[in-house]
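Here is the structure we will look at.
The values are calculated or read from the model by the stated rules, or taken from the named source; none is laboratory data. As the structure is a computational prediction, the values presented were derived from the model and not from experiment. Neighbour counts run over all protein chains shown; Cβ positions are idealised from the backbone, glycine included. Just so you know, the surface numbers come from the protein's heavy atoms only, side chains and all, with ligands and any DNA or RNA stripped out. Shrake-Rupley method; radii C 1.70, N 1.55, O 1.52, S 1.80 Å.
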Amino acid sequence: VQLQASGGGLVQAGGSLRLSCVLSGSFFSINAMNWYRQAPGKERELVATITGDGRTNYADSVKGRFTISRDNAKNTMYLQMNSLKPDDTAVYYCHAAKWGRSYADYWGQGTQVTVSS
């Protein structure tokens with residue numbers, strides 16, 4: 001399984017971006033997919049999760065502004081980010097996990113999101 005993230009960029013505060021994460025391999029074996037972010041000097045934090053049955057969860061800091069989704073036909077996960085704030089500036093990483101008899105997880109390369117004030 002490999003993950004390829006894209007869609008980052010520079011945007012003004014209040015703007016929007018959509019991140020994409022394409023998964024190569026079996027999408028249906030994945031139990032949950034996540035977006036994490038890491039700002040300079042800070043620890044990596046979980047931003048949003050979507051499970052195989054479509055349940056979603058968000059960090060309090062992004063609730064109401066970000067939307068995670070997945071397109072099973074395209075093996076792609078998205079993060080729609082609206083009303084962006086300078087505090088959202090970070091490298092965003094996609095992550096996938098599967099569990100059952102054993103646990104395995106996978107990381108994509110990061111994509112930089114920069115929000116100017």
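Across segment 54-69, the number of residues qualifying as in contact (Cβ under 8 Å) with a residue 24 or more places away in the chain and closer than 15 Å to A96 by Cβ comes to 1. Please enumerate the residues belonging to segment 33-53 that are within 16 Å of F66 (Cα to Cα) and over 14 Å from the mean Cα position of the chain (by Cα). Answer for segment 33-53, where residues must be within 16 Å of F66 (Cα to Cα) and over 14 Å from the mean Cα position of the chain (by Cα): there is none.
Has segment 70-79 got any residue that is within 21 Å of G7 (Cα to Cα) and in contact (Cβ under 8 Å) with a residue 60 or more places away in the chain? Yes, the conditions are met somewhere in segment 70-79. Of everything in segment 1-28 that is modelled with pLDDT of 95 or more, open to solvent by less than 60 Å² (accessible area, probe 1.4 Å) and among the aliphatic types (A, V, I, L, M), the residue that is farthest from the chain's Cα centre (by Cα) is A13.
Under 12 Å from C94 (Cβ atoms), open to solvent by 30 Å² or more (accessible area, probe 1.4 Å) and aliphatic (A, V, I, L, M) - does that describe any residue in segment 62-70? Within segment 62-70, none of the residues are under 12 Å from C94 (Cβ atoms), open to solvent by 30 Å² or more (accessible area, probe 1.4 Å) and aliphatic (A, V, I, L, M).
Among the residues of segment 106-117, those identified as touching a Phe, Trp or Tyr at 6+ places or on another chain (Cβ under 9 Å) and either surrounded by 21 or more Cβ atoms within 10 Å (Cβ to Cβ) or not aromatic (F, W, Y) (or both) are G108, Q109, G110, T111, Q112, V113. If you go through segment 18-55 and pick out every residue that is in contact with a Gly (Cβ under 6 Å, 6 or more places away or on another chain) and either over 21 Å from G110 (Cβ atoms) or not hydroxyl-bearing (S, T, Y) (or both), you end up with 4.
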